[in-house]
1. Arrange the peptides 41-48, 53-60 so that the one whose residues have, on average, the most other Cβ atoms within 10 Å appears first.
2. Carbon and sulfur together cover what percent of the accessible area of the range 143-287 at a 1.4 Å probe radius?
3. When the distances between all Cα atoms of the chain are binned every 10 Å from zero, what whole-number percent does each bin get?
4. Keeping the other protein chains in place, figure out the carbon and sulfur percent of the accessible area of the range 1-97, with a 1.4 Å probe.
5. Over the range 143-287, give the accessible area per residue in Å² for a 1.4 Å probe, as an integer.
6. Can you give the Rg to Rh ratio of the range 190-307, both from alpha-carbon atoms, with Rh computed by the Kirkwood formula?
7. Using 26 Å as the Cα-Cα cut-off, could you pick out the over-long pairs in Lys164/Lys285; Lys215/Lys260; Lys35/Lys118?
8. What number does the range 27-112 give for Rg over Rh if you use C-alpha atoms and the Kirkwood radius?
Amino acid sequence: MLELESHVKLQHFVTVKELHDDQVRALIERAIYFKNGGAIPQFEQPVYVVNMFFENSTRTHCSFEMAERKLGLQIIPFDPAASSVKKGETLYDTLLSLNAIGVNLAIMRHQENEYYKKLIELEPMQKLAIGVVNAGDGSGQHPSQSLLDMMTIYEQFGTFKNIKVAIIGDLSNSRVARSNMQLLKKLGAQVFFAGPSYWYSKEFEEYGEYLEVDKLITQVDVVMLLRVQHERHTKETGFSAVQYHEQYGLTLERYGKMKKDAIIMHPGPINRGVEIASELVEAPKSRFVKQMQNGVYMRMAMLEAVIAGRHLGGL
Ligand code: CP
């Protein structure tokens, strides 16, 4: 059985910022090992996990739950709408309560950027001993999406060195974009940005160059499309779905201009006919379905890293 590499043992998994490139590579290897039917660790003691999704989710929520079931973890149901958070209980007190009951890990998605800081930066007096895995915080980070994206790129090209990736669309609102630009740069890929200029921000300059969609589409190896996040927009975008598609989306015409071996990625959910022509969602170059399949195995690797880091399950 391939042992979990010693350097992927974490107390929490909340951002990709602190990950070293060798940790990312080890997580990818581990996820591929699980995908190829590698032996699943047998925990000697039960590990209790709670999935706390304060924002809607299909892929991340179900994929974490599938990963937990494959690892043999014990899932304690939690419905934010029916929880005492609705009565005003803080996130910290909620985790304190769940931890007192015996929960070891909390997988959390929350609308507030960096919600996890107040949970994991503990004062010495605090008693909380629960591992937090970030399933997406506001427009901050989406570590599990980013790592499954890296796995998908690695499976396709076998390397990150000089792979050209265009991240296109609603950049400033996207936690996927933030996590991915950080990891791609760390791993040696070349990052480019495109989309409406008012969604581009100076904070992205250190990661890559902003260019016109039509200049990029013919050159890059990965066309990474982002969902237009209407729910995070505070003012009207000023264009219709049709106009966005024509100006910035992956149209059939742009698809025809992509490099022969280039791939399309999208974290989902997809606005069909906006970021991408509906016919292209399952086109030969699209890795949308593969990304979701890889997500289960990558989340198994991430959960295992925190279980090992906290010496849970008898590890
Ligand atoms: N990619 C992603 O986070 O999808 P969900 O919002 O459905 O989890």
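The values are calculated or read from the model by the stated rules, or taken from the named source; none is laboratory data. Just so it is clear, the structure is predicted and the values come from calculations on it, not from any experiment. Cβ coordinates were reconstructed from backbone atoms using ideal geometry, including for glycine residues, and neighbour counts include every protein chain displayed. The accessibility values were calculated without ligands, DNA or RNA, using every heavy atom of the protein model including side chains. Shrake-Rupley method; radii C 1.70, N 1.55, O 1.52, S 1.80 Å.
1. 53-60, 41-48
2. Accessible surface attributable to carbon and sulfur in the range 143-287 totals 48 percent.
3. 6, 27, 33, 22, 10, 1, 0
4. 49 percent
5. For the range 143-287, the solvent-accessible area averages 42 Å² per residue.
6. That ratio equals 0.99.
7. Correct reply: Lys35/Lys118.
8. 1.02
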